[in-house]
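First comes the structure, then the notes that go with it.
All of the numbers you see were taken from the coordinates with simple rules; none came from a lab. Everything numeric here is computed off the predicted structure, so don't read it as measured data. Cβ sites come from the backbone with ideal geometry, for glycine too, and all protein chains shown count toward neighbours.
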Amino acid sequence: MENRGYILFVDDEEDILATFKEIFEEEGYRVDIEPNPLNAVEKIKKNNYDLVISDLKMPSLTGDDLLKEVRKFNTTTQFIMLTAYGTIENAVECMKYGAYDYLLKPIDFNDKKVWSVIDNAIEKAKDLKNRKNYEIFVADSGDSGTKIVCKSSIMDEILDYCRKISLFDFTVLIYGESGVGKELIARYIHEISPRKNKIFLPINCATIQKDIMEAEFFGTKKGVYTGADADRPGIIEQADGGTLFLDEISELPLELQAKFLRFLQEKEVRRIGDATSRKVDVRVICATNKDLKSLVKEGKFREDLYFRLEGIKITVPPLRERVEDIPVLAYKFLEDFNEKYKTNIEGISVKALQKLMNYKWEGNVRQLQNVINEACIKAMIRDNFIEPKHLPSYITGSGDEEIFDYNLAKKKNDEEFTKRYLTTLLSVTKGNISQAAKLANIERQSLQKILKKYGITASEFKV
């Protein structure tokens, strides 16, 4: 039978523990029992429990004290408190210290809500344990610098290559779709290079008006036009000593490309209206989401500039081609959200992560960040945990795909078959459980437990 979760029951009444163990093991849970709360602490340290179900009132250590003690070293195992009607207020107080929920004694195992609370607590524990698999900082340029979070081997190779080329001043060309993180890669190269203490100047070529682009890049001499009452250095001079990052380099006008090529070759610029050139020490990193080679063939990009830029090339793959990075990035954005807005979104469920990993992400990392930010806002209103319901419908789909999940389909059909079988069996025997057990070739007590599980009462079939 499939293990539905690992539970520790803590109660000073050993007969209750024995009953719990029998009932829950029959339902498919793995169960440990412990009458002494002090011993329970040691068991929790040694075993990877999903859930602790503890009585609230015990002589040696109360349930809330047990919870507080365990939370000193374990934040993933969930707690459900067992409480009598008169101590509900105490149980609710425990939830402030991290208890998942409480159940009233005696437990009504015919109540589907009881099983739902238990299964949801176990699922949350597994989700929190799953979170630890995705908290991986692979690349870190310094205490306050760029952190690149990833898990895929291809990104690991790219970052290793970045570490090697960062030592040299060669021009770098970064290819990749919009939103893959080209500027982040450029910043990382700069921050681990000998220029790390100098300026990193990012410029998007597509945002500069073409009629003023030359003046913006190369600067102007005083008096060159009306209103030019002082010498003005251009973007290239402003980046002197550091790194100039030019995004969407394909948008550089053809008539300006020759002058830009000369700057790359000679490491000097001449302001508009000036008779002399100025030496500059600038490393250039360019990026594009277009095929420059195709633009060369179309006559839209100079071939000599293309070959000058192509010396060191990095291609950042789209997010859909590095699915392993989606969970670690999702958790990074969740942590960023928590830190920025002082919230405490605890994690992302496995089901939600599966939805994220199955999506194609045409907007890449930038789109994923926006989705996680929106999901955090929705989750903090009530749930404090990102579930599929907090994700956009275009990611979760209609839900019809779940029928193809083998375990879900099998469980659903098994339940439907069992209910039909029991109904037919009791109809034939007119509600006589002894005769029904004999026909089914099972023990009478076992049949009663199955009927109880599915909420079927034999008396309904008696004539």
message: Tell me the net charge near Asn432. Cut-off is 10 Å between Cβ atoms, Asn432 excluded, with +1 for each Lys or Arg and -1 for each Asp or Glu.
response: +3
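Could you sort the peptides 212-222, 328-338, 302-312 by per-residue average Cβ neighbour count (10 Å cutoff), highest mean leading?
Details: 212-222: 18.5, 328-338: 20.0, 302-312: 15.5.
Top to bottom by mean Cβ count within 10 Å: 328-338, 212-222, 302-312.
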- prompt: Taking a threshold of 30 Å on the Cα-Cα distance, which of the pairs Lys378/Lys419; Lys222/Lys300; Lys72/Lys126; Lys126/Lys147; Lys222/Lys313 fall above it?
  reply: Lys378/Lys419; Lys222/Lys300; Lys222/Lys313
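Suppose a student asked you for the relative contact order of the chain, using Cα pairs under 8 Å spaced at least 6 residues apart; what percent would you report?
On the way: 709 pairs, mean separation 52.9, N = 463.
Computed value for the chain: 11 percent relative contact order.
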message: Taking amide H atoms as placed 1.01 Å from N in the peptide plane, list the residues 5 or more away in sequence, or in a different chain, whose amide H sits under 5 Å from that of Ile199.
response: Gly242, Thr243
task: Would you work out the relative contact order for segment 405-461, in percent, from Cα pairs under 8 angstrom that are 6 or more residues apart?
output: 32 percent
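DSSP loop chymotrypsin sites (Phe, Trp or Tyr not before Pro) in segment 31-84 with at most 15 other Cβ atoms within 10 Å of their Cβ, which ones?
Numbers: sites: Tyr49, Phe73, Phe79; in loops: Tyr49, Phe73.
Within segment 31-84, the qualifying chymotrypsin sites (Phe, Trp or Tyr not before Pro) (loop, at most 15 other Cβ atoms within 10 Å) are Phe73.
Quick check on the chain: helices-only [θ] at 222 nm, where DSSP H runs of length 4 and up contribute -39,500 (n - 2.57) each and the sum goes over total residues. Nearest 500, please.
Details: 19 runs with 208 residues, N = 463.
Roughly -13500 deg cm²/dmol at 222 nm, from the helical runs in the chain.
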Peptide ranges 58-66, 198-206 listed from the most packed, as the mean C-beta count within 10 angstrom indicates: 58-66, 198-206
statement: Under the rule rounded for a/c under 1.5, else prolate if a/b exceeds b/c, else oblate, using alpha carbon gyration tensor axes a ≥ b ≥ c, segment 6-132 is classed as rounded
- request: Quote to one decimal, in nm, the extra length available between Asn48 and Val323 on full extension: 0.36 nm per residue of separation minus the C-alpha distance between them.
  value: 96.2 nm
query: Distance in nm between label sites at Leu439 and Tyr454, each 7 Å beyond Cα in the beta-carbon direction?
result: 1.3 nm
